[in-house]
Amino acid sequence: MATGSPGTLVRDLQGALGAAHVLHLPEDLIVYEYDATIERALPDVVVFPATTAEVAACVRIALDHDVPVVPRGSGTGLSGGAVPVRGGVLVVLTRMNRILEVDATDRVAVVQPGVINLALQEAAAPLGLTYAPDPSSQRVCTIGGNIANNSGGPHTLAHGSTVNHVLALEVVLPDARVVRLGSRVPDAPGVDLRGLLVGSEGTLGIVTEATLRLVRQQPAVRTLLAIFESVEDASNAVSETIRRGVIPVAMEMLDQEIIRIVEPRIRAGYPMDAGAALLIEVEGVAEGVALDAAVVEAACHAAGAREVRSAEEASERERLWEGRKAAIGAIGAAAPAFYLLDGVVPRTKLPEVMAQVMELSRAAGFRCANVFHAGDGNLHPNIMFDPAEPRATERVLELGEAIMRVCVDAGGAITGEHGVGLEKRSYMEWVFTPADLAAQHAVRDAFGSTDRFNPCKVLPGGHGCASGHMKEISPHLVEGAYV
Ligand SMILES: Cc1cc2nc3c(=O)[nH]c(=O)nc-3n(C[C@H](O)[C@H](O)[C@H](O)COP(=O)(O)OP(=O)(O)OC[C@H]3O[C@@H](n4cnc5c(N)ncnc54)[C@H](O)[C@@H]3O)c2cc1C
C-alpha cells in the first residue's frame, strides 16, 4: 500500500459502509481470492456497497490510499477478471440486486448490477418478455459481470450477445465521478461510450445501474436433438443449416466425452453411443417454426445425422436443456480439476479445428470434453486433469496456449465470450498490432484507469504487471495457484 496503513484503509471503508460490510480478516479474504478459473490472489479488503454513492465512496477511498480497485459480481468469470492480482479493494456488487423497473410497453428493464441473470428473465416472463443473453451460468452470474464480459449464451446466436441488449449505464469512473452513458431511447447522440464500457472487463469503471432491452417471447418454439457419429458431421450440419437460410436461436454442440459425463448424472435423454449431438432450437410463429424445423432436419440429415428428435413435451425440452446447462458442473464431478478454454473460429473451420484440439489433447495425455455454442463457432474444450500430478497444471496451461494458437491460425480469436482477463492478456499480441494495442491503452489512459483500476487485466504490460502470465506479478499471488 502506497499511502496510509492497511488499518486506516479498513477504518475509512468501515466509516463509509459500516463495519458489517467490510471484510479484512485473512479467513474472510481467502473466500475472494479466485473466480471460476485457476488463478488466485488475495485482496487487502473486500467491500459490499449497497448504493451508487457507496460504490463511489469506496473508489474515492481507494484513490486516496493509492490502492487498486477490482469490481466483482458472483465470481463465475472464466478468465481471472475478478482476481485481485495486485491486492487492493475488491468491490463486490451482490448487495445491489434490485430490479428497479420492468416496462412492458417500452420493453425495457432497469436493474442494479448484482441482479442475477435468471432473476431478470423470471421477472420479465409474466409480461411475455425475456432478457435474451443467457449464459449457461445464468442461475448465478450477475448482470454487471455479463456487461463487463459482454457475455453470450446458447440463445445469443440469433439475438446477439450482451452488447446488443444494453441501452444505458450508470458508471462510477476510476476518479469516483458518477456518469450516465447511452440512453433509454435508441441512437443516443455523441460518442458511444456505452458500447465502450460493455466488454471492458471492469477496467474502465464500475457499472452501478443498467437499462436493458427486453425482447418478446415467441409464441412457438421447437427443440431438436440431432445425433451424429462424429463432431465433424455435427459441425458440418451447423454450416449446412445456416447455408440453407435458417438461423436457429440456439445450436449447441455436445461431443461424445461430454455426453458420457452428463447423461448418467442428469438423464437428459442424450444417447450414450452418440459421437456428437446438436441441441437446436427454432422459435417464432407456429407456421414459421414448423418450416424452419423442417429445414434444420433436412440439413442435419444431409450432413450425416443418424437421427433427429423433436421434443414433444415442455418437460422433454427442459430436460434436454438441463443436460446442456449442467454440463460444465458435471465435469467437476468427473475429474479432480478441469481447465475450461474459450476460443472462437469461423464456423466453417470447426471440423478441422476440433480435430486439432482432440489431437493436441491426446498427444498431451489429457481427456478433453467439449460443449459449446457451435452456431457462433465458439468452442469450449474442457481439459480434465489432476493438479496433484507433477507439472500437470503447467502442462494443461501449455496445451491451452497451443489450442488458442490453433484458433487464431484458423482465422479466429482468443476468446468468444469469457473475456481476456488475466488469463489471456499475453495472447493479445497474437491478434492485435502494436498500434491496435496502443489505441486500447490510450482509451484506458483517458479513463484514468491504467495502473489502479482492475490492473493487469486485458492489455499486456502495465505498471507492476508481468509481461506474460501472472507468475511474477505480486505477493498477492497465492502460492501454488498458478505454477
Ligand atoms: C459453469 C459456467 C458456465 C458459464 N457459461 C457461460 C456462457 O454460456 N457464456 C458466457 O459468456 N460466460 C459463461 N460463463 C462465464 C461467466 O459466468 C460470465 O463471464 C459472467 O458474465 C460473469 O459474471 P459474474 O457476475 O460471475 O462476474 P465476475 O466473475 O465476478 O466478474 C467478471 C468480470 O466482470 C467485472 N465486473 C463484475 N461486476 C462488474 C460491475 N458491476 N462493473 C464493472 N465490472 C464488473 C469483474 O471485474 C471481472 O472482470 C460461465 C461460467 C461458468 C462457471
Cβ-Cβ under 7 Å pairs, at least 6 apart or on other chains, the range 272-288 side in the same structural domain as residue 240 (by TED's automatic domain parsing) and surrounded by 12 or more Cβ atoms within 10 Å (Cβ to Cβ), far side polar (S, T, N, Q) and modelled with pLDDT of 95 or more: 274/256; 275/230; 275/256; 276/230; 276/256; 281/223
Any hit, the range 205-222, residues being over 27 Å from residue 288 (Cβ atoms), more than 10 Å from the ligand (Cβ to nearest atom) and among the β-branched types (Val, Ile, Thr): yes
Residue match in the range 386-393 (condition: farther than 28 Å from residue 144 by Cβ and acidic (Asp, Glu)): yes
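Could you tell me whether any residue of the range 69-82 is closer than 17 Å to residue 145 by Cα and away from the ligand (no atom under 12 Å from the Cβ)? Don't jump to the end; show me each part of the working.
The first filter runs over the range 69-82 and keeps only residues closer than 17 Å to residue 145 by Cα, leaving 69-82.
Add one more test, that the residue is away from the ligand (no atom under 12 Å from the Cβ), and what stays is none.
No, every residue in the range 69-82 fails to be closer than 17 Å to residue 145 by Cα and away from the ligand (no atom under 12 Å from the Cβ).
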Any hit, the range 337-352, residues being more than 17 Å from residue 382 (Cα to Cα) and under 22 Å from the mean Cα position of the chain (by Cα): yes
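Being part of a helix (DSSP H, G or I) and of a type in the set (Ser, Thr, Tyr) is the filter; apply it to the range 229-240 and report the residue that is nearest to residue 308 (Cα to Cα).
Ranking the qualifying residues of the range 229-240, first place goes to 235.
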Which listed residue is in contact (Cβ under 8 Å) with a residue 60 or more places away in the chain and of a type in the set (A, V, I, L, M, F, W, C), from 295, 371, 357, 353: 371
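Could you check the range 358-461 for helices (runs of 4 or more DSSP H) lying wholly inside it with 1 or more residues that are hydroxyl-bearing (Ser, Thr, Tyr) and at pLDDT 95 or above?
Filter on the range 358-461 gives an empty set.
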Selection count where residues are loosely packed, with under 14 Cβ neighbours inside 10 Å and either of a type in the set (Gly, Ala, Ser) or touching a residue at least 24 places away in the same chain (Cβ under 8 Å) (or both), scope the range 180-198: 2
Selection within the range 147-167 - under 15 Å from residue 372 (Cβ atoms) and under 10 Å from the mean Cα position of the chain (by Cα): 151, 152, 153
Output for the range 241-286, where each listed residue is in a strand (DSSP E or B) and small (Gly, Ala, Ser): 250, 276, 277, 284
Test: residue in the range 344-353 that is of a type outside the set (D, E, K, R) and within 12 Å of the ligand (Cβ to nearest atom): yes
Hits in the range 358-379 - residues which are crowded, with 23+ Cβ neighbours inside 10 Å and under 26 Å from residue 243 (Cα atoms): 370, 371, 372, 373, 374, 375, 377, 378, 379
Those residues of the range 97-146 which are more than 10 Å from the ligand (Cβ to nearest atom), under 20 Å from the mean Cα position of the chain (by Cα), hydroxyl-bearing (Ser, Thr, Tyr) and not in a strand (DSSP E or B), in sequence order: 131
Which listed residue, of 305, 298, is of a type in the set (A, V, I, L, M) and assigned to a loop (DSSP other than H, G, I, E, B): 305
Selection within the range 414-465 - over 23 Å from residue 86 (Cα atoms) and surrounded by fewer than 19 Cβ atoms within 10 Å (Cβ to Cβ): 430, 431, 432, 433, 434, 435, 436, 439
Matching residues, the range 84-107, being more than 16 Å from residue 23 (Cα to Cα) and either surrounded by 20 or more Cβ atoms within 10 Å (Cβ to Cβ) or touching a Lys or Arg at 6+ places or on another chain (Cβ under 8 Å) (or both): 85, 86, 96, 102, 106, 107
Filtered residue count, the range 13-53, keeping only those that are surrounded by 17 or more Cβ atoms within 10 Å (Cβ to Cβ), touching a strand residue (DSSP E or B) at 6+ places or on another chain (Cβ under 8 Å) and assigned to a helix (DSSP H, G or I): 6
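The values are calculated or read from the model by the stated rules, or taken from the named source; none is laboratory data. Since the structure is predicted, the reported quantities are computational estimates derived from the model, not experimental observations. Please note: Cβ atoms are built from the backbone with ideal geometry, for glycine as well, and neighbour counts cover all protein chains shown.
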